[in-house]
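The values are calculated or read from the model by the stated rules, or taken from the named source; none is laboratory data. In this text the structure is predicted, and so the values were computed from the model without any measurement. FYI the Cβ positions are ideal-geometry reconstructions off the backbone, even for glycines, and counts take in every protein chain you see. Note: accessible area is taken over every heavy atom of the protein model, side chains too, but ligands, DNA and RNA are not part of it. Shrake-Rupley method; radii C 1.70, N 1.55, O 1.52, S 1.80 Å.
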Amino acid sequence: MGYRTGKRYLVFQLLPTTLGLGPEVWRVLDKAHERRNLLEYEGMTDIEPQLINDTLTAAKTVLAAWRDTAKKG
């Protein structure tokens, strides 16, 4: 198993500061990561289709915000 600090939640919470994104984005990413861990470490395979859709939307939002920030920098 790789290096883990337990600071993942903090990284998601920094999205408002770094990319101007609110909790509607980082909470989805946190939940998706939690489910990913349950899948990998406990074999849980029940993932709601809505979470998949919300995660894709959040990822697209992060990408768009990152691109906007990169253009300005």
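Descriptive notes on the structure:
- Hey, LEU29 loosely packed, with under 14 Cβ neighbours inside 10 Å and within 24 Å of THR18 (Cα to Cα) or not: no
- Pairs where the first residue, in the stretch 35-53, is loosely packed, with under 13 Cβ neighbours inside 10 Å and the second is assigned to a helix (DSSP H, G or I), C-beta under 8 Å, 6+ apart: MET44/ARG35; MET44/LEU38; THR45/LEU39
- Restricting attention to the stretch 55-73, the residues being open to solvent by less than 60 Å² (accessible area, probe 1.4 Å) and closer than 19 Å to GLY20 by Cβ number 7.
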